[in-house]
Amino acid sequence: MSTDGQFFREAWIAGVSKHYPGEPKPGYIAPWEETPGWERECAAAVFGQVRDFLQVSNGNASKLTREQKGRFVALCWIAQIYKHIENPKPGYVADWSELPSWQQETDSDIFEAIEQALT
């Protein structure tokens, strides 16, 4: 059984594999074992934030649009980046509207994968 962080990472890899145009960078699809420790911590934390959000909404998070679900994942990820990286590259903390469509779709997929796994 995978950990919360591994589940998040697997959902990320699935989304990248589905939505990324062309061949994704190796780091985008690196397996859990090759993922840096700080990124593993981020993945586990964001999984937990989505899980908690689903619980406190009492099932009503299902009413969110796909974009709203993706925005939530992206925003939680940005907070984790600031927690782990003192001066992150602008691309690491880009707002939703600045993210490429493949990343937006992947973030939405991640929320929905967690949602499905927990219901």
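The values are calculated or read from the model by the stated rules, or taken from the named source; none is laboratory data. The model shown is predicted, which means the values in this text are computed figures rather than measured ones. Glycine also receives a Cβ, built like all others from the backbone with ideal geometry; neighbour counts cover every protein chain displayed.
From the residues in region 32-46 that are of a type outside the set (D, E, K, R) and part of a helix (DSSP H, G or I), which one is farthest from Y92 (Cα to Cα)? Write out each step before concluding.
First, the residues of region 32-46 that are of a type outside the set (D, E, K, R): 32, 35-38, 42-46.
Checking which are part of a helix (DSSP H, G or I) leaves us with 32, 37-38, 42-46.
Values: W32: 19, G37: 17, W38: 14, C42: 13, A43: 14, A44: 17, A45: 16, V46: 15 Å.
The residue in question is W32.
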Legend entry - Odd one out for C76, checked against (1) more than 18 Å from S108 (Cα to Cα); (2) modelled with pLDDT of 95 or more: (1)
Legend entry - Residue list for region 10-31, restricted to those being in a helix (DSSP H, G or I), surrounded by 15 or more Cβ atoms within 10 Å (Cβ to Cβ) and at pLDDT 95 or above: E10, A11, W12, I13, A14, G15, V16, H19
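Residues A14, A44: which one is farther than 15 Å from Q116 by Cβ, within 14 Å of the chain's Cα centre (by Cα) and of a type in the set (A, V, I, L, M)?
Numbers: A14 fails: farther than 15 Å from Q116 by Cβ.
Only one candidate qualifies: A44.
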Legend entry - Index of the failed condition, E105 passing every other in (1) outside any helix (DSSP H, G or I); (2) over 15 Å from E39 (Cα atoms): (1)
Legend entry - Checking P36 against (1) touching a Ser or Thr at 6+ places or on another chain (Cβ under 9 Å); (2) farther than 13 Å from D107 by Cβ, the condition it does not meet: (1)
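How many residues, within region 64-78, are among the aliphatic types (A, V, I, L, M) and exposed (fewer than 14 other Cβ atoms within 10 Å of the Cβ)?
Initial filter on region 64-78 (among the aliphatic types (A, V, I, L, M)): 64, 73-75, 78.
Keeping just the survivors that are exposed (fewer than 14 other Cβ atoms within 10 Å of the Cβ) gives none.
Residues in region 64-78 being among the aliphatic types (A, V, I, L, M) and exposed (fewer than 14 other Cβ atoms within 10 Å of the Cβ): 0 in total.
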